[in-house]
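Okay, so here's the structure we're looking at.
The values are calculated or read from the model by the stated rules, or taken from the named source; none is laboratory data. None of these values were measured; they are calculated from a predicted model. Using ideal geometry, Cβ is built from the backbone for each residue, glycine included, and neighbour counts are taken over all protein chains shown.
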Amino acid sequence: MKWLSWHALEEVIKGCLWSIPITITFCDVIGTVAKVEGYSMSPTVNPKAGTNVDLVWVDRISLLFKDIRRGEVVVLACPYNKNRKLIKRVVALEGDHIWSRTESRLTYIPLGHCWVEGDEGDKSTDSNQLGPIPQALIEGRVSFIIWPWKRWGRIPQVPQGSSENRLIPSKVV
């Protein structure tokens, strides 16, 4: 009987030793579920104050195959706090010019950078305060709302309050 207990424990340990690295690799390379807190991306994500937080799917692998495009919602490492993640919409890409929301200044987006904003501009810390963000900080695309069920579906790629009147796109797309 003791052999059976030891054998069962040994199988559980072997299973963990295989599943933990596979799970970590999946989350680092393929994608993961993320909890969204705050209202800077309202109404796209967390549309109502005081409600439960949204859960979203963060697609990491597509960054290897497709360039970031204007209008996409992305997860990025916070430029001023490496332990924090931000969810923002890409508004401008390298080579573009954009008028900031706050200071009405025209900003050129340098090579390897992008301009990100929250959909709820007055509640968002974004490129309007931080300037162009290195694209290397982008960790994935937010592609689906998973929870709550009643809002399950794709994230819209076109911002609710479009920034087209502030954007001067580069000739090369």
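Computed values, structure above
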item: In segment 125-173, residue surrounded by the most Cβ atoms within 10 Å (Cβ to Cβ) [restricted to those that are hydroxyl-bearing (Ser, Thr, Tyr) and either in contact with a Lys or Arg (Cβ under 6 Å, 6 or more places away or on another chain) or at pLDDT 85 or above (or both)]; result: Ser127
item: Filtered residue count, segment 128-156, keeping only those that are among the aromatic types (Phe, Trp, Tyr) and closer than 20 Å to Lys66 by Cα; result: 1
item: Qualifying residue in segment 88-101 (condition: out of contact with any Ser or Thr (no Cβ under 8 Å at 6 or more places or on another chain), buried (at least 21 other Cβ atoms within 10 Å of the Cβ), within 18 Å of Val33 (Cα to Cα) and at pLDDT 85 or above); result: no
item: Selection from segment 69-126 of residues that are in contact with a helix residue (DSSP H, G or I) (Cβ under 7 Å, 6 or more places away or on another chain) and in a loop (DSSP other than H, G, I, E, B); result: Pro79, Ser100, Arg101, Thr102, Gly112
